[in-house]
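Please treat every number below as a calculation from the coordinates, not as lab data. The structure displayed is predicted, hence computed values, not measured ones. Here Cβ is always computed from backbone atoms with ideal geometry, including for glycine, and neighbour counts include all displayed protein chains.
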Number of protein chains: 2
Amino acid sequence: MSEIPEVPETTGRTELSGDREQAVRAAELDAADPLAAVRERFVLDPAPDHASGDADVYLDGNSLGVLPRGVSDRIADVITREWGQLRIRSWNESGWWTAPERIGDKIAPLIGAGPGRVVVGDSTSVNIFKAVIGGVRMAGKGCTEILVDATTFPTDGYIARSAARMTGLAVRPVEPARIADEVTERTALALVNHVDYRTGRLNDLPGITRALHSAGALAVWDLCHSAGALPVGLDAHHVDLAVGCTYKYLNGGPGAPAYLYIRESLQERFESPLPGWNSHAEPFAMDPSYEPAAGILRGRVGTPDILSLLALEAALEAWDGVAIEEVRTKSLALTDFFLECVAAYVPPGRVRSLTPSDHQWRGSQVSLACSPQLAADRQGGTPLAGEVMDELIRRGVVGDFRHPDVLRFGFTPLYTSFADAERAARVLGEVLGALPDVESGAAG
Amino acid sequence: MSEIPEVPETTGRTELSGDREQAVRAAELDAADPLAAVRERFVLDPAPDHASGDADVYLDGNSLGVLPRGVSDRIADVITREWGQLRIRSWNESGWWTAPERIGDKIAPLIGAGPGRVVVGDSTSVNIFKAVIGGVRMAGKGCTEILVDATTFPTDGYIARSAARMTGLAVRPVEPARIADEVTERTALALVNHVDYRTGRLNDLPGITRALHSAGALAVWDLCHSAGALPVGLDAHHVDLAVGCTYKYLNGGPGAPAYLYIRESLQERFESPLPGWNSHAEPFAMDPSYEPAAGILRGRVGTPDILSLLALEAALEAWDGVAIEEVRTKSLALTDFFLECVAAYVPPGRVRSLTPSDHQWRGSQVSLACSPQLAADRQGGTPLAGEVMDELIRRGVVGDFRHPDVLRFGFTPLYTSFADAERAARVLGEVLGALPDVESGAAG
């Protein structure tokens, strides 16, 4: 961080009327927040090596959600009693065998799905493969192409290309906003991110799904950056297939298993490319010929990963009594307020928001691009935005950085407070305000 | 269990000279066992609901290995400190990101692989898919078929058929012993189980691999029932691809992630059908075009499942200082002794061993088929072998049952004692001895 001069880590907040105004506003918003008490369901202690002893403002829940309180005790019991003492009996007696569909049913209401439409297990990438191959097999015979969100998180594109190679189709990248115009009768399906991981832009799930259906194509949605942050409405909008991870806004833990949604009316036509024994109609018959299970069970593959699944199940208890609609209301209020605070604290011209100001197009993160002039002045090595984020983290504000110039701040309404948003913007203002003037070039 | 009359749960052992002889022999064998102390590394406490308060004889480690002592504390630290306090920092600071290949290197010596040839993650079924598709892509252009072990664990056959469908090949089931005769120049690869899950038969990995190579085909081995129980020698025998689970003899926990082995000289030709972002040469560059990582990393797919991976890593510490050769020596001694005890305790004609008596063909389990006359007398419902196993479990001897007539007993040399083997055979003798005479037909 040699390029960012040292400044006092906390400016005298009460000396600045702008600061006072935002801090007072944050306190008012927190006092009126109906979800404020839900924050107590999460572990927000400071890291053991944290110099100040203060808890961080954690705005990286769009990458790894924080630890919900019940997980630790639950997993201790799973390990010591269910595995350690009951052992093999737990496959039946502790409900291990049915965990993938049971936990799917717990995620379902958060994404607008009825019971029996979601199954948990495998990584997001593996579930994308199941969904794309399964979708292609349900598509019309004359289809020759798969559309992929041109700004997709990379793994979706890689897996879609692999699926296309294995089914003889082509992949065509299309901006989400252009899908309605680009879809043709030759399109088998489109694989689209509900929220763009980089910009936080919310894509039009109902409209794009409708447009795809009008052309006879299927809609396959990646919910990684939307599930748990805003209503998805899979059933209501007749989405065909969807996948998502559980370690971001669902707080399931690092690398927690992903899920697959299959529209009820398509389930009996779904042919998995990964027909493992757990998706068999009678798995313990050990039948050499494959007969898929009915319903969503055919989205299962191999033996489910119990420790991670049950950690996720415990984590989902943090949602008890919480409606996704109130999460959305708070999410928009948080990102609005953060943007206001950034405008108040950060010197003009140093960052530009990539996140749409219109609520209709906004997910639950704010992405700020560092000024291209600042970035362009850099000579090799870590981009300036990476160094800015390092310094924010050092000062207890944890977001993340995406190449080449993006600072990402995720807002998780279950545990993010308005005071967090105010502090994050204030520290960002301090760090960016301490940079050498743009016109003078970077120091060092 | 109405069909099996109640008998005293322990016969007066000292009254029977045969019993005393076997029990004395068990004590001698345990006293001379160089691996006896390794048992202390495992949790072998009785289940909380166990009537007698005695620990079970657990002979189901070929399905789910018992809990190694270090796992509970390690996972508590992963959850509370690494996830709960360090959060996103742990991907680098706690070594999460590199866990798949690091843990692969810890499994490698147990299966005769050098470093950089094994990667952990995903289920066995998913890894079979990677291996079969990857293998077909490396095979000669004129290949038209995949051979699959005719007695395979079902998932291998289901996945091989899916892979064949997606690559335009046919699947031909062949008995492992016939592969050398059946392989042709049109064979892309053979997928074979090293140990048969049902009978415990050990297949000839070196010989079958050589025969496949002579015909220009690749050898893909499923090590689920051999890894951790006997030497595999993947590098030494030039195996091309291999997969295995980690929750049986490796004691990684329920549904712990599986692994993929790729022969070093084939790695740069391996093209994964699941090219997730974790297998990219530069995953954080978020490059829309796919460039596979060098070496075994290209076997990775999506974000690794950290809780399960790190539980496995802690479980592997039970292997410290243990050579797989001494595990094999004890395994054969255990199964020999168990078969001797079965001969001594079980009335003639009630069970027949499906497990080869020749060490060369024996894995680390004993499978006993219940007399077909007994089975044939049954009217519907649970097969007699299933009821026998239920009764064994009620009396504290845990094996498992496979349709229609097989009792399976797995021997895990790290924690199974000769006293366990003697007790299991004795209880089996009590249960089977109490059955009505075969000729008189089953009661009830």
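Pull up the cross-link candidates among the lysines for B:LYS141, meaning alpha carbon to alpha carbon under 26 Å and not fewer than 8 places away within one chain. The reachable lysines, counting only those whose Cα sits under 26 Å from B:LYS141, are B:LYS130. When every Cα-Cα distance of the stretch B:71-319 is counted in 5 angstrom steps from zero, the calculated P(r) takes the values 1, 7, 14, 18, 19, 16, 11, 7, 4, 2, 1, 0 percent.
Quick one: which residues, 5+ away or cross-chain, put their amide H under 5 Å from the amide H of B:VAL195? H built at 1.01 Å from N. Residues meeting the amide H criterion: B:ASN203, B:HIS225, B:SER226.
Using DSSP, restrict attention to beta bridges with both residues in the protein assembly as shown and report what percent are antiparallel, rounded to the nearest 5. If you can, show how the numbers build up before the last one.
Values: 44 of 82 bridges.
For the protein assembly as shown, the DSSP antiparallel bridge percentage is about 55.
The magnitude of the dipole of the stretch A:122-174, with charges of +1 and -1 set on the Cβ of Lys/Arg and Asp/Glu and taken from the Cα centre, is near 220 debye. Less than 5 angstrom separates the built amide H of B:ASP305 from those of B:ASP122, all sequence-distant by 5 or more or on a different chain. With chain A treated as a Gaussian network of Cα nodes joined by springs under 10 Å, which of A:THR155, A:THR355, A:THR335 yields the largest mean-square fluctuation? Residue with maximal mean-square fluctuation among A:THR155, A:THR355, A:THR335: A:THR155. Of the DSSP H helices in chain A, those that are both long (alpha-carbon extent of 27 Å or more along the helix axis) and hydrophobic (Kyte-Doolittle mean at least -0.5) are A:324-345. Inter-part distance, the stretch A:76-95 to the stretch B:388-421, computed on C-alpha centroids, equals 18 Å.
Relative contact order of chain A: 23 percent, from C-alpha pairs under 8 Å at least 6 residues apart in sequence.
Just so you know, the Rg over Rh for the protein assembly as shown is 1.01, from Cα atoms, with Rh as the Kirkwood radius. Residue separation of A:ASP320 and A:ASP30 scaled by 0.36 nm, minus their Cα-Cα distance, works out to 102.4 nm of gained length. Amide H contacts of B:VAL171 (H built 1.01 Å from N, in plane; Pro and chain starts excluded): B:ILE146 sit under 5 Å, all sequence-distant by 5 or more or on other chains.
Shielding of peptide A:284-297 by partners, expressed as the average count of other chain Cβ atoms within 10 Å per residue Cβ, is 3. With the simple spin-label model, which puts each label point 7 Å out from Cα in the Cβ direction, the A:ALA37 to A:ALA285 separation comes to 5.1 nm.
Taking a straight line from the alpha carbon of A:LYS106, these aspartates and glutamates sit under 12 Å away, with near neighbours fewer than eight places off in the same chain left out: A:GLU313, A:GLU317, A:ASP320.
Determine, from the Cβ-Cβ distance of B:ALA294 and B:GLN373 and an R0 of 41 Å, the FRET efficiency 1/(1 + (r/R0)^6), rounded to the nearest 0.05. The pair B:ALA294/B:GLN373 has a calculated efficiency of 0.10. 3J(HN,Hα) along the stretch B:80-87, derived from phi through the Karplus expression 6.51 cos²θ - 1.76 cosθ + 1.60 where θ = phi - 60°, amounts to 7, 9, 5, 7, x, 10, 7, 6 Hz, with x in place of Gly and Pro. Shown is the FRET efficiency for B:GLU271 and B:ARG210, computed with R0 = 35 Å from the Cβ-Cβ distance and rounded to the nearest 0.05: 0.85. Connecting C-alpha atoms closer than 10 Å in a GNM of chain B, tell me which of B:ASN278, B:ASN62, B:ASN251 has the biggest fluctuation. Result: B:ASN278 has the largest fluctuation of those listed. Here the 3J(HN,Hα) profile of the stretch B:365-370, calculated from phi with Karplus coefficients 6.51, -1.76 and 1.60 at θ = phi - 60°, is 9, 10, 10, 10, 8, 5 Hz, Gly and Pro shown as x.
Would you compute, from DSSP H runs of 4+ residues alone, the mean residue ellipticity of chain A at 222 nm, taking -39500 (n - 2.57) per run and dividing by the full residue count, rounded to the nearest 500? Don't skip to the answer; put the middle values down first.
Values: 13 runs with 142 residues, N = 444.
About -9500 deg cm²/dmol.
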